[in-house]
């Protein structure tokens, strides 16, 4: 397993309860795992614990079989590329410069960028359909373009694992679909992918497996049709839902209006 | 594209230095300045070599160092309004230096050490204040804390000066206003000795600063050792500020204005930005000092007054753009 969590348990200082409790899972190359759950269920905490940014109360996160704490940050960045949820733009770079930051873990502090690095940047831009953006300033991009550029930066790291935290928040349908299609292709080409997302229905269609978190614990894990159970989803999200099946076989969650929940039969 | 800009910068450095050496109670044409530098028997040699050259070179080194500190601190706290002055480093360093002078421990080598202790103390206090207000460090609160700590340091400095004996008071007060009147080859040597290592450290951290400017979490994911980088940069900036303050008092706004201009004209990437900021900061203070010496002859304005006159309006413009 290229990335693995065993019994991850985290408690923030002065918090009464664990933010994560005994979370275990793993991802293989060529596999897309969707981590989902209500707001505050511990999804981003899980990401930070997995990447060694939080002290663990219990358990271990393994990257390439080694505990994450034993990795130097630059060595880790060559294995795992992350697209974090938020990022401020204080000093706006050009897109090409921004993607080149993904090469820093391979460049070291002083060596100038080599042709190989520029090639990697060009490939990453092409892969994310962002070549034509290369000379734009990052503070002038649309939301969808900005996400593609940040994904390109993670690809330029040439990692074996790709992790995205809520990558489609505030994107419209087209950009949302484009991003998930792109991530799916990258995973099919051999990356291990982890996507943290609120989009249950997209997760169901794109992910191989899902992990449902609630209050820091794993409620269910497995293939989308094992996780997206009507009663489980209704209980975890605190809202009645119906679950139907799209023609590709993926379960789709439909939140119900109050009048519908009394007569709901599980079919639209 | 960048070759003419770099050539222009080189010409700018040379021209500013030659011009500034020529300015003063005895005006010297650039030809006389060059003869004075290279020919020991020239009529202008004494004035150029003993008085003006060390002063102009010191102004260049201090201006460059302050600009460099500003650029590094702005990336570190992700705020284009940060500089050693507004973050309280200069105030802390000033307090440390005044304390050393008041205790009659004011040798050329001891004052920077005491100023360094003051600057580090100020950074620690500013950080502490900024973190208390919330769980995560807010760059805006950090700046506010810097201004508060700077004001506090200034108040304690005033108290020490007033309570000291007369000659000490006069010395400390003159020095506090910021000025290169005390420049000498020895002062230049002391400054360079203290400044060389922190300058090298900041240059070596250029790429880490690119990453830190994106935010600490993103920087970690891209391979930066964030805590180590922060410690190194804060210590290096404190040492550099302390050396500047100990040599020529508190000079504000160089670290604020210069990096901003360089980011616009060159690049926000620190491998380019840091060296360019150093050279431009040098030019800026050399010219500001020349202005301070020639504006109201035979009086000499403190150079800190000139940098503030230029810096405050620019700060106002920056503030509007940042908040817009």
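Looking at (1) crowded, with 23+ Cβ neighbours inside 10 Å; (2) more than 8 Å from chain B (Cβ to nearest Cβ); (3) modelled with pLDDT of 95 or more, which is the only condition residue A:79 fails?
Status for residue A:79: all satisfied but (1).
Being under 30 Å from residue A:74 (Cβ atoms), surrounded by fewer than 21 Cβ atoms within 10 Å (Cβ to Cβ) and touching a strand residue (DSSP E or B) at 6+ places or on another chain (Cβ under 7 Å): is that true of residue A:184 here?
So residue A:184 passes the test.
Do we find a residue being more than 17 Å from the chain's Cα centre (by Cα) and in contact (Cβ under 8 Å) with a residue 40 or more places away in the chain anywhere in the range B:274-291?
Taking every residue of the range B:274-291 in turn, none turns out to be more than 17 Å from the chain's Cα centre (by Cα) and in contact (Cβ under 8 Å) with a residue 40 or more places away in the chain.
With the structure loaded, tell me whether residue A:114 is surrounded by fewer than 23 Cβ atoms within 10 Å (Cβ to Cβ), out of contact with any helix residue (DSSP H, G or I) (no Cβ under 6 Å at 6 or more places or on another chain), at negative phi and within 13 Å of chain B (Cβ to nearest Cβ) or whether it fails that test.
Working: surrounded by fewer than 23 Cβ atoms within 10 Å (Cβ to Cβ): yes; out of contact with any helix residue (DSSP H, G or I) (no Cβ under 6 Å at 6 or more places or on another chain): yes; at negative phi: yes; within 13 Å of chain B (Cβ to nearest Cβ): no.
Criteria not met by residue A:114.
Looking at residue A:144 and the list (1) surrounded by 15 or more Cβ atoms within 10 Å (Cβ to Cβ); (2) modelled with pLDDT of 95 or more, which single condition is not satisfied?
Going through (1) surrounded by 15 or more Cβ atoms within 10 Å (Cβ to Cβ); (2) modelled with pLDDT of 95 or more one by one, residue A:144 breaks only (2).
Out of A:67, A:92, A:109, I need the residue that is touching a strand residue (DSSP E or B) at 6+ places or on another chain (Cβ under 6 Å) and within 8 Å of chain B (Cβ to nearest Cβ). Which one?
After ruling out the rest, the residue left standing is A:92.
Any residue in the range B:257-272 that is modelled with pLDDT under 90, in contact with a helix residue (DSSP H, G or I) (Cβ under 9 Å, 6 or more places away or on another chain) and more than 14 Å from chain A (Cβ to nearest Cβ)?
So far as the range B:257-272 goes, yes, one or more of its residues are modelled with pLDDT under 90, in contact with a helix residue (DSSP H, G or I) (Cβ under 9 Å, 6 or more places away or on another chain) and more than 14 Å from chain A (Cβ to nearest Cβ).
Quick one: which strands (runs of 3 or more DSSP E) sit completely within the range A:149-243 and have at least 1 residues that are modelled with pLDDT of 95 or more and within 29 Å of residue A:104 (Cα to Cα)?
Where strands (runs of 3 or more DSSP E) fall fully within the range A:149-243 and carry at least 1 residues being modelled with pLDDT of 95 or more and within 29 Å of residue A:104 (Cα to Cα), they are A:161-165, A:192-196.
Among the residues of the range A:123-139, is there at least one that is assigned to a strand (DSSP E or B) and touching a residue at least 24 places away in the same chain (Cβ under 8 Å)?
Checked the range A:123-139: at least one residue is assigned to a strand (DSSP E or B) and touching a residue at least 24 places away in the same chain (Cβ under 8 Å).
Would you check if residue A:32 is within 24 Å of residue A:181 (Cβ to Cβ), in contact with a strand residue (DSSP E or B) (Cβ under 9 Å, 6 or more places away or on another chain) and touching a residue at least 24 places away in the same chain (Cβ under 8 Å)?
So residue A:32 fits the description; yes.
Do we find that residue A:103 is closer than 30 Å to residue B:261 by Cβ, more than 9 Å from chain B (Cβ to nearest Cβ) and either free of Cβ contacts under 8 Å to residues at least 12 places away in the same chain or in contact with a helix residue (DSSP H, G or I) (Cβ under 7 Å, 6 or more places away or on another chain) (or both) in this structure?
Yes, satisfied.
Do you know which residues across the range A:140-155 are under 19 Å from residue A:188 (Cβ atoms) and free of Cβ contacts under 8 Å to residues at least 60 places away in the same chain?
A:148, A:152
Right, residue A:36: within 14 Å of chain B (Cβ to nearest Cβ), crowded, with 19+ Cβ neighbours inside 10 Å and more than 20 Å from residue B:229 (Cβ to Cβ) or not?
Criteria not met by residue A:36.
State yes or no: is residue A:56 away from chain B (no Cβ under 14 Å), within 30 Å of residue A:238 (Cα to Cα) and modelled with pLDDT under 95?
In short, yes.
The values are calculated or read from the model by the stated rules, or taken from the named source; none is laboratory data. Worth saying up front: this structure is predicted, and the values here are computed from it rather than measured. FYI the Cβ positions are ideal-geometry reconstructions off the backbone, even for glycines, and counts take in every protein chain you see.
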